[in-house]
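Q: First the structure, then my questions, so here it is.
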Amino acid sequence: MKKPTLAIAVPCYNEELCVESTVESLIEVLSDLMAKDKINPDSFLYLVDDGSKDKTWDIISRLHEKNNLVKGLKFIRNFGNQKAHIAGLLGAREMGCDCVVSIDADLQQDQWAIEKFIDKYMEGADVVSGVRNSRDTDTFLKKTTALCFYKFMNILGVNIPVNQSDYRLVSKKALDILAMYPEKQVFLRGFFNEIGLKNEIVYFDVKPRLQGESKFNYMSLIGLALNGITSFSITPLRIIAVLGFFMAVFAIGLGVEVLIEKYFLHTSPAGWATIIVLMAFFGGLQLFCMGIIGEYLGQVYREVKARPRYIVETELK
Ligand code: UDP
Ligand code: MG
């Protein structure tokens with residue numbers, strides 16, 4: 001395989017504190033890989049400003065003027081991390097490259113692992129997923145919820161390695177497939193494992209965030225998780241059907257029991273407690289099931305509107 005033109009795509013949202021040092025570090029990585037003759041000299045950085053309200057875009061523009069290795073794209077407003085990732089991948093594809101590595105702007109992910117990604121690519125992998133060695137930098141709550149999420153996704157039949165991140169390399173072939181997907185809510189971690197191209201894993205170390213603060217809160221993480229589940233699995237819908245079946249069997253049994261009580265034991269006026277408990281139970285169950293259906297309805301609603309995934313304000317070439 002011939003050595004690739006590599007694009008490094010970086011989503012940035014209010015990252016004025018780290019974007020400059022991040023660009024310096026990534027240029028160092030690019031230069032190192034060029035010196036080792038592992039990538040083409042027309043490889044580049046592609047920074048996606050996800051509608052930052054601070055000086056992030058000013059800094060990116062200035063860096064672009066200084067060094068043409070730095071390219072960028074600015075969203076008109078904040079569209080969220082997944083959209084910024086997709087824009088990074090598809091934008092770099094448009095610019096012309098053989099593979100793209102996505103990495104976060106805070107460089108919590110060890111940027112020197114990119115060389116290992118390239119090695120796997122040269123061995124024929126189309127998707128190389130970064131998996132963290134540990135979650136030591138996360139809080140206990142984030143660690144456990146993340147683990148539960150990945151396990152749950154695996155149970156639902158979506159194959160994502162536990163502790164995968166959005167640090168990955170994808171080949172031009174994988175990008176061409178992504179470009180064919182019209183859906184707006186692509187959950188990248190699921191997507192690149194599903195398309196059926198050759199997958200490899202690279203382990204990397206996570207560092208604490210040096211500058212700025214995390215842009216994710218629990219609500220946005222729950223949103224990401226729900227989107228991942230509803231856009232990749234219909235198992236929750238099947239669970240409703242199975243639950244409904246067992247509830248029906250249970251209700252028939254209960255009905256028989258009530259009839260026996262009434263006609264043979266003559267003890268029926270008692271049992272208010274049972275009624276109240278059952279009402280509450282079924283009320284809760286129905287709401288729960290409706291909630292699941294609501295999730296899918298939301299997914300259909302978003303896709304059916306077929307709104308553009310994002311709107312670009314400017315692009316630096
Ligand atoms: N990010 C983004 N749009 C958003 C939120 C985050 O592009 O609405 C970017 C952010 O700039 C960073 C990456 O997504 O490059 C990961 O975010 P962060 O480091 O805050 O998340 P964490 O590492 O805490 O999960
Ligand atoms: Mg981070």
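The values are calculated or read from the model by the stated rules, or taken from the named source; none is laboratory data. If you're wondering where the values come from, they're calculated on a predicted model, not measured in any experiment. Note that we place each Cβ from the backbone using ideal geometry, even for glycine, and neighbour counts take in every protein chain shown. Quick note on the areas: whole protein, heavy atoms, side chains included, nothing else; ligands and nucleic acids left out. Shrake-Rupley method; radii C 1.70, N 1.55, O 1.52, S 1.80 Å.
Q: For region 50-68, does any single residue satisfy the condition of being within 21 Å of Lys2 (Cα to Cα) and open to solvent by 20 Å² or more (accessible area, probe 1.4 Å)? Even if it seems obvious, please write down each step before you answer.
A: As a first pass, look at region 50-68 and keep what is within 21 Å of Lys2 (Cα to Cα): none.
No; the residues of region 50-68 include none that is within 21 Å of Lys2 (Cα to Cα) and open to solvent by 20 Å² or more (accessible area, probe 1.4 Å).
Q: Residues that are surrounded by fewer than 10 Cβ atoms within 10 Å (Cβ to Cβ), touching a strand residue (DSSP E or B) at 6+ places or on another chain (Cβ under 7 Å) and at positive phi, at least 3 per element: which helices (runs of 4 or more DSSP H) completely within region 204-317 meet that?
A: Details: elements: 218-232, 235-260, 272-305.
Of the helices (runs of 4 or more DSSP H) lying wholly inside region 204-317, none has at least 3 residues that are surrounded by fewer than 10 Cβ atoms within 10 Å (Cβ to Cβ), touching a strand residue (DSSP E or B) at 6+ places or on another chain (Cβ under 7 Å) and at positive phi.
Q: Ok, one more. It is to be established whether one or more residues within region 269-285 are of a type in the set (Ser, Thr, Tyr) and at pLDDT 75 or above.
A: Taking region 269-285 as the starting set, the residues that turn out to be of a type in the set (Ser, Thr, Tyr) are 274.
Cutting the leftovers down to at pLDDT 75 or above gives us none.
No, because not a single residue in region 269-285 is of a type in the set (Ser, Thr, Tyr) and at pLDDT 75 or above.
Q: Something else now. Taking into account only those residues within region 1-28 that are assigned to a helix (DSSP H, G or I) and surrounded by 22 or more Cβ atoms within 10 Å (Cβ to Cβ), which is nearest to ligand 2 (Cβ to nearest atom)? Steps first, answer last, please.
A: In the first step, residues of region 1-28 are kept if they are assigned to a helix (DSSP H, G or I); the result is 19-28.
Retained after the next criterion (residues that are surrounded by 22 or more Cβ atoms within 10 Å (Cβ to Cβ)): 19, 22-23, 26.
Details: Val19: 13, Thr22: 11, Val23: 16, Leu26: 15 Å.
So, considering only residues that are assigned to a helix (DSSP H, G or I) and surrounded by 22 or more Cβ atoms within 10 Å (Cβ to Cβ), the one nearest to ligand 2 (Cβ to nearest atom) is Thr22.
Q: Against the condition of a type outside the set (A, V, I, L, M) and closer than 25 Å to Gln185 by Cβ, how does Ser52 come out, does it pass?
A: yes
Q: Output the number of the condition that Ile60 fails; it satisfies all remaining conditions of (1) in contact (Cβ under 8 Å) with a residue 60 or more places away in the chain; (2) more than 13 Å from Thr314 (Cβ to Cβ).
A: (2)
Q: Can you pull out the residues in region 189-218 that are modelled with pLDDT of 85 or more, aliphatic (A, V, I, L, M) and away from ligand 1 (no atom under 12 Å from the Cβ)?
A: Leu197, Ile201, Val202
Q: Do you know which residues across region 95-126 are over 21 Å from Asp50 (Cα atoms) and of a type in the set (Val, Ile, Thr)?
A: Across region 95-126, the qualifying residues are Ile114, Ile118.
Q: Report yes if some residue within region 112-122 is closer than 22 Å to Leu197 by Cα, at pLDDT below 95 and within 16 Å of ligand 2 (Cβ to nearest atom); otherwise report no. Working first, answer last.
A: Taking region 112-122 as the starting set, the residues that turn out to be closer than 22 Å to Leu197 by Cα are 113-122.
Right, trim to at pLDDT below 95 and you get none.
No, every residue in region 112-122 fails to be closer than 22 Å to Leu197 by Cα, at pLDDT below 95 and within 16 Å of ligand 2 (Cβ to nearest atom).
Q: I've got another one for you. Restricted to region 101-121, and to residues that are within 15 Å of ligand 1 (Cβ to nearest atom) and in contact with a strand residue (DSSP E or B) (Cβ under 8 Å, 6 or more places away or on another chain), which residue is farthest from Asn227 (Cα to Cα)? Reasoning before the result, please.
A: So the first thing to find is which residues in region 101-121 are within 15 Å of ligand 1 (Cβ to nearest atom), and the list is 101-111.
Now narrow it down to the ones that are in contact with a strand residue (DSSP E or B) (Cβ under 8 Å, 6 or more places away or on another chain): 101-105, 108-110.
Details: Val101: 23, Ser102: 20, Ile103: 21, Asp104: 20, Ala105: 23, Gln108: 24, Gln109: 24, Asp110: 27 Å.
Filtering region 101-121 for residues that are within 15 Å of ligand 1 (Cβ to nearest atom) and in contact with a strand residue (DSSP E or B) (Cβ under 8 Å, 6 or more places away or on another chain), the one farthest from Asn227 (Cα to Cα) comes out as Asp110.
Q: Tell me whether region 165-176 contains one or more residues that are surrounded by fewer than 23 Cβ atoms within 10 Å (Cβ to Cβ) and modelled with pLDDT under 90.
A: Start the filter on region 165-176 by keeping residues that are surrounded by fewer than 23 Cβ atoms within 10 Å (Cβ to Cβ), which leaves 165-166, 171-173, 175-176.
Those still in the list that are modelled with pLDDT under 90 too: 165.
Yes; the residues of region 165-176 include at least one that is surrounded by fewer than 23 Cβ atoms within 10 Å (Cβ to Cβ) and modelled with pLDDT under 90.
Q: Still on this structure, I have one more. If Gln108 passes every condition in (1) over 21 Å from Gly80 (Cβ atoms); (2) out of contact with any helix residue (DSSP H, G or I) (no Cβ under 9 Å at 6 or more places or on another chain) but one, which one does it miss?
A: All conditions are met except number (1).
Q: With respect to Gly124, determine if the residue is in a loop (DSSP other than H, G, I, E, B), more than 15 Å from ligand 1 (Cβ to nearest atom), surrounded by fewer than 19 Cβ atoms within 10 Å (Cβ to Cβ) and over 16 Å from the mean Cα position of the chain (by Cα).
A: Details: in a loop (DSSP other than H, G, I, E, B): yes; more than 15 Å from ligand 1 (Cβ to nearest atom): yes; surrounded by fewer than 19 Cβ atoms within 10 Å (Cβ to Cβ): yes; over 16 Å from the mean Cα position of the chain (by Cα): yes.
In short, yes.
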